[in-house]
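So the structure is just underneath, and the comments pick up after that.
The values are calculated or read from the model by the stated rules, or taken from the named source; none is laboratory data. Here the structure is a predicted model, which means the values were calculated and not measured. Counting neighbours? That spans all protein chains shown, and the Cβs are built from the backbone with ideal geometry, glycine included.
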Amino acid sequence: MKRLSAKLVFMGSQGVGKSSIITRYIKGDFKKECEATIGASFMYAKVTLRDYQITLKVWDTAGQERFRSLVPMYYRNADAVAIVFDVSDRDSFNQVKNWINEVRKNTDTPVVYYVVGNKTDLLDSRTIMYDEGEEFANSVNAHYWETSVYSNTGIQDLFTKIGRNLIEIVESSKPPANLKVEIDPEEVPNNDRINNSKIQCCTN
Ligand SMILES: Nc1nc2c(ncn2[C@@H]2O[C@H](COP(=O)(O)OP(=O)(O)OP(=O)(O)O)[C@@H](O)[C@H]2O)c(=O)[nH]1
Ligand SMILES: [Mg+2]
């Protein structure tokens, strides 16, 4: 088995469902009443694909304005960023472009971008349709993906897609120095060993 580890950072407006997406993937469940993230929290997410065991070091940042200035500290050296919006909230969609511009300006390592439209279960209040989301993502060289934590759609596939893209990058002719494949390294890290007192409701 080959092992690959990468840093993945979730960003986006307050309440779009970042913590819920991560918890849904890692723990297989979610809570409707979920506290806003304070600062940021950290989790490991594992993806097994082909002969790769991928460990994603996932940073879940807070969308609240008062934590805005902390976010650059987390996306530094990110291999991939997932910028989440709520498909029923145009303001959160408008914010995605600002996030992408900001990360581009402040990072020099190669970063793969994912624009993630969450809450697709909200059929009646949905205002950003798939085509608009995808067209926008294409225009900023990002991958587009849609999810619903409540109906559990697209979540597994989002992490699989990220894993697949990372494998493509490390297997390309010029893999970035920060992404390394290891063969038979030490044990894969476990979330139980993280002592993160900031982890809120959604990651409990
Ligand atoms: N309808 C619907 N609600 C969702 C979905 N995902 C999350 N939510 C709800 O949206 C609210 C906010 O979810 P969080 O996961 O805390 O959002 P967040 O982006 O982490 O918010 P901050 O930590 O404040 O930045 C919660 O009440 C969730 O239950 C979804 O797919 N559909
Ligand atoms: Mg959160």
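Among residues of the stretch 1-16 that are closer than 16 Å to F93 by Cβ and at pLDDT 90 or above, those with a Cβ under 7 angstrom from a residue that is near ligand 1 (Cβ under 8 Å from one of its atoms) and part of a loop (DSSP other than H, G, I, E, B), sequence gap 6+ or separate chain, pair up as G12/G63; S13/G63; Q14/A36; Q14/G63; Q14/Q64; G15/G63; V16/G63.
Among the residues of the stretch 143-159, those that are surrounded by 15 or more Cβ atoms within 10 Å (Cβ to Cβ) and part of a helix (DSSP H, G or I) comprise I155, L158, F159.
Residues in the stretch 62-113 that are of a type in the set (K, R) and either within 15 Å of ligand 2 (Cβ to nearest atom) or closer than 22 Å to Y130 by Cα (or both): R66, R68, R90, K97. Checked against the criterion of being modelled with pLDDT of 95 or more, at positive phi and of a type outside the set (D, E, K, R), the candidates N138, N118, N152 yield just one match: N152. Consider the stretch 7-42 and keep the residues that are among the aromatic types (F, W, Y) and within 12 Å of ligand 2 (Cβ to nearest atom). The one that is farthest from the chain's Cα centre (by Cα) is F30. Residues of the stretch 35-71 that are farther than 24 Å from K161 by Cβ and in contact (Cβ under 8 Å) with a residue 60 or more places away in the chain: E35, A36, I38, G39.
Number of residues in the stretch 101-119 that are within 13 Å of A142 (Cα to Cα) and either charged (D, E, K, R) or within 13 Å of the chain's Cα centre (by Cα) (or both): the value is 8. Residues in the stretch 105-142 that are among the charged types (D, E, K, R), part of a helix (DSSP H, G or I) and loosely packed, with under 13 Cβ neighbours inside 10 Å: 3 in all.
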